[in-house]
Amino acid sequence: MTATKMRRTKYIRPGLIIFCACVVWCISMSAQTRGFDQEREQMVAQQIQRRGITHAGTLKAMRKVERHLFVQRADRAMAYDDHPIPIGYGQTISQPYIVALMTEIIQPEKAHRVLEIGTGSGYQAAVLAEIVDSVYTIEIVKELHMEAEHRLRTLGYGNVLVRNADGYFGWDEYGPFDAIVVTAAAEYVPPPLIKQLKEGGKMIIPIGSPFLVQELMLIEIKDGRVRTRKLMPVRFVPFKRANQ
Ligand code: SAH
């Protein structure tokens, strides 16, 4: 073998191995993505439509948002299962059906401005952001806030504004809101949130003692009056306060 040929082989072989490894990796990634796509379709059909969710925008968003990208890598295999999943810091990403239900109940429309309290993984915010123009979401745990902000930015959700604060006070600067979604269970409805709800607006919030069964409540402002309706028993992580 000539010196030139030997040099060429020296570089071509490792290059070829890296190229083949990349091809194998790409094939396995796309197979995995196809697997998740299928699981997501099944999740929507079996857990969400079968339980009576019909709002077209909600169903479309639940089909689109890649829930497995919102859980820890080690938990991806159960991302589409019918239960909440821990996301660290003692918090959870809600069960898919609950996310869909809360989304449908507020009847989101394109032009709406929605406030979420309890960003967590950012999944509920992403589902909302697929439907409405602007989503404002507040998370009290700094680490979760930072992770969710990075995740939402990486996934291209430019219409979601994320803030690290105590959601009890809402986000006056951007209110009033067409809808408010609270994803942690409070002992009572925080008065600042009621003030930041528009006339005709809807707030969905779990109310009750931490670690017991709570009631999912719908709060509406109609003709300047606050109307409250109990919807169903639920279980959420507790609503925390910044000074506790
Ligand atoms: N919506 C989230 C899941 C929420 S779990 C998702 O889609 O993944 C409830 C979240 O509410 C937790 O991350 C918790 O840290 C947060 N939280 C609790 N009390 C809060 C408060 N007062 N203000 C803002 N966030 C709060």
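What to note about this one:
- In region 85-118, the residues that are more than 6 Å from the ligand (Cβ to nearest atom) and polar (S, T, N, Q): GLN95, THR103, GLN107
- Count of residues meeting criterion [of a type in the set (Lys, Arg) and buried (at least 18 other Cβ atoms within 10 Å of the Cβ)] in region 57-75: 1
- Considering region 212-230, and only residues there that are over 19 Å from ILE117 (Cα atoms) and among the hydrophobic types (A, V, I, L, M, F, W, C), the residue that is modelled with the lowest pLDDT turns out to be LEU212.
- Residue within region 158-181 that is of a type in the set (Lys, Arg), within 14 Å of the ligand (Cβ to nearest atom) and more than 18 Å from the chain's Cα centre (by Cα) present: no
- Residue list for region 229-238, restricted to those being more than 14 Å from the ligand (Cβ to nearest atom) and in contact (Cβ under 8 Å) with a residue 24 or more places away in the chain: LEU231
- Filter result for ARG241 (of a type in the set (D, E, K, R), in a loop (DSSP other than H, G, I, E, B) and either within 12 Å of the ligand (Cβ to nearest atom) or touching a helix residue (DSSP H, G or I) at 6+ places or on another chain (Cβ under 6 Å) (or both)): yes
- Only listed residue being surrounded by fewer than 20 Cβ atoms within 10 Å (Cβ to Cβ) and of a type in the set (A, V, I, L, M, F, W, C), chosen from ILE180, ILE219, ILE194, ILE204: ILE194
- Within region 135-157, considering residues that are buried (at least 18 other Cβ atoms within 10 Å of the Cβ) and more than 9 Å from the ligand (Cβ to nearest atom), the one nearest to ALA186 (Cα to Cα): TYR136
- Within region 110-206, helices (runs of 4 or more DSSP H) holding 1 or more residues that are in contact with a Lys or Arg (Cβ under 8 Å, 6 or more places away or on another chain): 123-129, 142-154
The values are calculated or read from the model by the stated rules, or taken from the named source; none is laboratory data. This structure is a prediction, so every number in the text was calculated from the model and none was measured. In this analysis, Cβ positions are derived from the backbone assuming ideal geometry, glycine residues included, and neighbour counts consider all displayed protein chains.
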